[in-house]
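Remarks on the structure that follows.
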Amino acid sequence: MLPGMSSETITAGKVVTIHYTLTLDDGQTVDTSKGGDPLAYLHGAENIVPGLEKQLDGKPVGSSFDAVVTPEDGYGERIPDAVQQVNKSAFPDDAELAIDMQFQAQDEAGNTVMGTITAMEGETVTVDFNHPLAGKTLNFAIEVKGIRDASDEEQQHGHPHGPGGHAH
Ligand code: ZN
């Protein structure tokens, strides 16, 4: 081992910082960390989609690679039954409803779900409760910027603290 070289690779329990760009098959860029701080996540804690976490496993600092993640290993397949028609009265009176508007709601089990308004006609609002990226193949361009051990507190919380992580 030469001085100054690191043998650090990504394993469970490490806080990893990455720069990423996410594009879809149609070439549309959905999200990127470029131009801002890299993202910090706790490896093995399901902070990121499973297909990406799997492909980061074992990678060294400084590596750059492309990761293709299928819907199955990403945000899941689209569920046709998750598109529902609801009455306008289900929304707060002061809500200004518009097509493509996204909002959070609770499902019957009390989980928070994201809904997107896809159509409005009279009193009827069509809401798609699929994740906006459900059914999509995700193309990530990844650069591994840093790897460090997680603190005990970070392990307990299941996410990193500090730059690029949770601030609390
Ligand atoms: Zn925390």
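The values are calculated or read from the model by the stated rules, or taken from the named source; none is laboratory data. These numbers were taken from a predicted model, which means no experiment stands behind them. Here the Cβ is made from the backbone with ideal geometry for all residues, glycine too, and neighbour counts use every protein chain on show. Just so you know, the surface numbers come from the protein's heavy atoms only, side chains and all, with ligands and any DNA or RNA stripped out. Shrake-Rupley method; radii C 1.70, N 1.55, O 1.52, S 1.80 Å.
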Can you give me the number of residues within segment 130-168 that are more than 16 Å from the ligand (Cβ to nearest atom), buried (at least 17 other Cβ atoms within 10 Å of the Cβ) and either hydrophobic (A, V, I, L, M, F, W, C) or over 19 Å from Ala82 (Cβ atoms) (or both)? 10
Reported set for segment 111-127 where residues are free of Cβ contacts under 8 Å to residues at least 24 places away in the same chain, surrounded by 10 or more Cβ atoms within 10 Å (Cβ to Cβ) and under 22 Å from the mean Cα position of the chain (by Cα) is Val113, Met114, Gly115, Thr116, Ile117
So, in segment 95-106, how many residues would count as being assigned to a loop (DSSP other than H, G, I, E, B) and surrounded by 11 or more Cβ atoms within 10 Å (Cβ to Cβ)? 4
Scanning segment 123-152 residue by residue, those at pLDDT below 95 and at positive phi turn out to be none
Failed item, numbered, when Asp81 is tested on (1) open to solvent by 100 Å² or more (accessible area, probe 1.4 Å); (2) in contact (Cβ under 8 Å) with a residue 12 or more places away in the chain: (2)
Residues of segment 48-66 being open to solvent by 60 Å² or more (accessible area, probe 1.4 Å) and over 15 Å from His19 (Cα atoms), in sequence order, are Pro50, Lys54, Asp57
Please work out which one of (1) open to solvent by less than 40 Å² (accessible area, probe 1.4 Å); (2) part of a loop (DSSP other than H, G, I, E, B); (3) free of Cβ contacts under 8 Å to residues at least 24 places away in the same chain is the condition Pro92 fails and give its number. (1)
